[in-house]
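The values are calculated or read from the model by the stated rules, or taken from the named source; none is laboratory data. Everything quoted here is computed from the prediction, not taken from an experiment. We place every Cβ from the backbone using ideal geometry, glycine too, and count neighbours over all the protein chains shown. Remember, those area values only see protein heavy atoms, side chains included, never the ligands or the DNA or RNA. Shrake-Rupley method; radii C 1.70, N 1.55, O 1.52, S 1.80 Å.
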Amino acid sequence: MRVIGLMSGTSHDAIEAAAADLRLEGDALVMRPVGALGTPYTPDLRARIAAALPPAATTVEEVCRLDTGIGRAFADAAVRALEELCGGAADLVVSHGQTVHHWVEDGRVRGTLQLGRPAWIAEATGLPVVSDLRSADVAAGGQGAPLVGAVDALLLRGRPGTPVALNLGGIANVTVVPQGADPVAFDTGPANALVDAAVRHFSGGAAEYDEDGRGAAAGRVDPGLLHRLLQDPYYRRPAPKSTGKEHFHLPYLLDALAAGPVGRPEDVLATLTRLTAVTAAEACRARGVTELVVSGGGVRNPVMLRMLGEELPGVPLRPSDGLGVPAAAKEALAFAVLGFLTVHGLPGALPSCTGARRAAVLGSITPGRGPLRLPEPAAAPPRVLRVETVPSD
């Protein structure tokens, strides 16, 4: 089955699309990635998404308009992927949508909202669409995040020691896969969320992110600011846990900056980058990490990776590309896998990772133009993910 996965993360800058051929073979799920591409949001749509995110106020009318605007943007990305990656032929689209609110109270997730109406994708491509993948896990008592934990566990299972997958998006999350024990996954805190917020603030909106970590490289870590940021109770909460920009946003950062003297903007960027490294590394170290497999936008920030390595001396750190999964496309591929599991009647979340009472089959299915025909339900879930590389010409 050829599946297109669509993902836009907490950085809300672009829609990542990835296509893969997927099949079940014994106890293995076999994935052959066939390509990936990114489609940036238009400046207007990105600005409207940012303006609607907490702690800002918005209206139901604007939520409706965003649901349509994001849905049409995802549809355009799906059409591009269908034509440019799949030669016009695919079987399924899986859309994560754009998270605009992740409702957490006292450590418990009460609800989660991703916008991007899947009907636009189904109409544009003619293909069935799996969407709203987080809600079933939340309804079963889970965090609804990080859902990539189930895919990480399949990918890393059987590797020696205690491998950990670390995704550095707007929020950082880890999946720990120890031998002889259930995997654990959770959000460790901000990865790029506060760095991006600081860059936009200090540049007056002229820049969106710290390109190649240059700002952080030109600064020095401010011990006082780092200490204040590390006092956040989130870091001491037990897993499973999840967070988002509802918590780590610009007003949060401005409060921290106002609480004590701070140096240059470059020092703030260096400190925020070190915050990501310290909190992610502590989460890994506490669980005996022996190998760190990194993916997400933070892989393109050499300063963030260097600081992470400094916090985890002696631990091999490698991009997920080394396991056959392109770091920039890993989340889109992960959601393609989750949608594939859904249409085969298989759960896509692990209770040990999300805290749910049971392993839920994820998502809702929107039919394409033709009759909806699902595969025969699989007899058992896969135990490992095997990645096949595309033969070179």
Enumeration of residues in the range 234-246 that are touching a Ser or Thr at 6+ places or on another chain (Cβ under 7 Å) and either closer than 23 Å to residue 310 by Cα or not in a loop (DSSP other than H, G, I, E, B) (or both): 234, 235
Selection status of residue 80, within 16 Å of residue 122 (Cα to Cα), open to solvent by 50 Å² or more (accessible area, probe 1.4 Å), over 21 Å from the mean Cα position of the chain (by Cα) and of a type in the set (Lys, Arg): yes
Which numbered condition residue 374 fails, given (1) free of Cβ contacts under 8 Å to residues at least 40 places away in the same chain; (2) over 27 Å from residue 1 (Cβ atoms): (2)
For residue 112: the one exception among (1) in a strand (DSSP E or B); (2) surrounded by 23 or more Cβ atoms within 10 Å (Cβ to Cβ); (3) polar (S, T, N, Q): (2)
Test for residue 350: is it closer than 14 Å to residue 155 by Cβ, surrounded by 24 or more Cβ atoms within 10 Å (Cβ to Cβ) and in contact with a Pro (Cβ under 7 Å, 6 or more places away or on another chain): yes
The one condition in (1) within 24 Å of residue 184 (Cα to Cα); (2) open to solvent by 60 Å² or more (accessible area, probe 1.4 Å); (3) at pLDDT 95 or above that residue 340 fails to fulfil: (2)
Number of the exception - residue 331 against (1) under 18 Å from the mean Cα position of the chain (by Cα); (2) open to solvent by 30 Å² or more (accessible area, probe 1.4 Å); (3) closer than 14 Å to residue 164 by Cβ: (3)
Test result for residue 10, over 18 Å from the mean Cα position of the chain (by Cα) and either open to solvent by 10 Å² or more (accessible area, probe 1.4 Å) or among the aromatic types (Phe, Trp, Tyr) (or both): no
Residue that is farthest from residue 52 (Cα to Cα), among those in the range 83-108 that are within 17 Å of the chain's Cα centre (by Cα) and of a type in the set (Val, Ile, Thr): 94
Output for the range 17-72, where each listed residue is of a type in the set (A, V, I, L, M), part of a strand (DSSP E or B) and surrounded by fewer than 19 Cβ atoms within 10 Å (Cβ to Cβ): 28, 30, 34, 37
Long-range neighbours under 8 Å by Cβ, at least six apart or interchain, first residue free of Cβ contacts under 8 Å to residues at least 24 places away in the same chain within the range 63-87, second open to solvent by 10 Å² or more (accessible area, probe 1.4 Å): 65/48
Any hit, the range 90-108, residues being of a type in the set (Lys, Arg), more than 24 Å from residue 380 (Cβ to Cβ) and open to solvent by 20 Å² or more (accessible area, probe 1.4 Å): yes
Those residues of the range 357-375 which are open to solvent by 10 Å² or more (accessible area, probe 1.4 Å), over 20 Å from residue 155 (Cβ atoms) and touching a helix residue (DSSP H, G or I) at 6+ places or on another chain (Cβ under 9 Å), in sequence order: 357, 358, 361, 363, 364, 365, 366, 367, 368, 369, 374, 375
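Condition check ((1) in contact (Cβ under 8 Å) with a residue 40 or more places away in the chain; (2) touching a Leu at 6+ places or on another chain (Cβ under 8 Å); (3) over 21 Å from residue 94 (Cβ atoms); (4) outside any helix (DSSP H, G or I)) across all residues:
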residue: 151; (1), (2), (3), (4): yes, yes, no, no
residue: 167; (1), (2), (3), (4): yes, no, no, yes
residue: 172; (1), (2), (3), (4): yes, yes, yes, yes
residue: 182; (1), (2), (3), (4): yes, yes, yes, yes
residue: 185; (1), (2), (3), (4): yes, yes, no, yes
residue: 194; (1), (2), (3), (4): yes, yes, yes, no
So residue 337, is it among the β-branched types (Val, Ile, Thr) and assigned to a loop (DSSP other than H, G, I, E, B): no
Which listed residue, of 158, 170, 180, is open to solvent by less than 10 Å² (accessible area, probe 1.4 Å) and at pLDDT below 95: 170
Members of the range 198-223 that are touching a Pro at 6+ places or on another chain (Cβ under 9 Å), surrounded by 14 or more Cβ atoms within 10 Å (Cβ to Cβ) and in a helix (DSSP H, G or I): 198, 199, 201, 202, 213, 215, 217
Cβ pairs under 8 Å, 6+ apart, first in the range 94-122 and on the phi > 0 side of the Ramachandran plot, second of a type outside the set (A, V, I, L, M, F, W, C) and surrounded by fewer than 16 Cβ atoms within 10 Å (Cβ to Cβ): 107/237
